[in-house]
Structures are given as C-alpha cells and as structure tokens.
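Just below is one structure, and these are the notes that go with it.
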Amino acid sequence: IERGLLLHSGRGIQYRGNEYKQALKDLKIQPSMSRKGNCWDNAVMESFFARLKVELIYPEDYRTMDALRAGLFEYIEIFYNRQRRHSSLDYVSPAAYESRPNSTNLSTIRG
C-alpha cells in the first residue's frame with residue numbers, strides 16, 4: 001500500500017456506504033475499518049476523539065472554519081502532544097515520552 005492519508009472509522013453504515021467509499025477513493029484516502037466484533041481495533045482513535053470533544057469541541061463556540069482549524073492545531077500540537085499527560089505513556093506527554101533516552105520511540109511503533 002502506498003503511504004498517504006489513512007482514515008480509520010468504525011463499522012457504522014455511514015462508513016460502509018458506496019458514496020462515502022467512492023469519495024475516499026477519489027481523494028486517494030486509504031480507508032481502514034475495525035474488524036467485525038473487535039472493538040480494540042479502533043480503541044485508540046475512539047479515546048482520542050472522546051477527549052477532543054470533551055476538552056476542545058464542547059467548551060468552545062467556533063464561528064468559522066479558520067477558528068476551528070486554529071483550535072484543532074493548538075489542541076493537538078501544543079496541548080495534546082506536548083502538555084497533556086497520557087496514562088498509557090507513564091503519565092507524561094508524547095513529546096516527553098519520545099525524548100526519554102531509553103524509551104521506544106513512538107515513530108517506530110507507528111511504522
């Protein structure tokens with residue numbers, strides 16, 4: 001598979017529809033879907049989006065797409081990756097975890 005944008009989704013009917021799948025194909029986006037009956041396939045992304053909604057989307061009132069883009073950038077690049085402590089990373093941020101001298105670099109885990 002050629003590297004590029006990968007979109008992981010649940011198994012909802014909206015993600016299995018022909019129009020949706022064709023739109024992904026037209027945009028050269030590789031679809032990825034959880035296996036039937038295996039909730040762990042999507043657990044990491046489900047967790048991320050749950051936190052994103054609670055910590056960013058619900059408390060704000062975005063009036064423009066530019067404001068939303070700026071908010072998402074700040075949340076992911078500044079807060080989530082550099083400040084927010086993650087229980088799965090020994091309660092440090094991803095940036096701090098990756099800079100540990102004897103830790104496995106996350107980029108090697110992601111492939």
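The values are calculated or read from the model by the stated rules, or taken from the named source; none is laboratory data. Everything quoted here is computed from the prediction, not taken from an experiment. Backbone-built Cβ (ideal geometry, glycine too); neighbour counts: all protein chains shown. Remember, those area values only see protein heavy atoms, side chains included, never the ligands or the DNA or RNA. Shrake-Rupley method; radii C 1.70, N 1.55, O 1.52, S 1.80 Å.
Keeping to the range 55-93, report how many residues are under 22 Å from residue 43 (Cα atoms) and in contact with a helix residue (DSSP H, G or I) (Cβ under 6 Å, 6 or more places away or on another chain). The number of residues fulfilling the criteria is 5.
Just a yes or no: is a residue in the range 14-30 within 26 Å of residue 88 (Cβ to Cβ), modelled with pLDDT of 85 or more and open to solvent by less than 90 Å² (accessible area, probe 1.4 Å)? Checked the range 14-30: at least one residue is within 26 Å of residue 88 (Cβ to Cβ), modelled with pLDDT of 85 or more and open to solvent by less than 90 Å² (accessible area, probe 1.4 Å).
Just one of the numbered conditions (1) more than 19 Å from residue 5 (Cβ to Cβ); (2) part of a strand (DSSP E or B) is not true of residue 31: (1).
Those residues that are loosely packed, with under 12 Cβ neighbours inside 10 Å and within 17 Å of the chain's Cα centre (by Cα), I need them from the range 80-93; list them, please. Result: 83, 87, 88.
On the given criteria, is residue 36 more than 16 Å from the chain's Cα centre (by Cα), modelled with pLDDT of 90 or more, among the basic types (Lys, Arg) and not in a helix (DSSP H, G or I)? Criteria not met by residue 36.
Please determine, by comparing only the residues of the range 60-79 that are open to solvent by 80 Å² or more (accessible area, probe 1.4 Å) and not charged (D, E, K, R), which one is farthest from the chain's Cα centre (by Cα).
The residue in question is 65.
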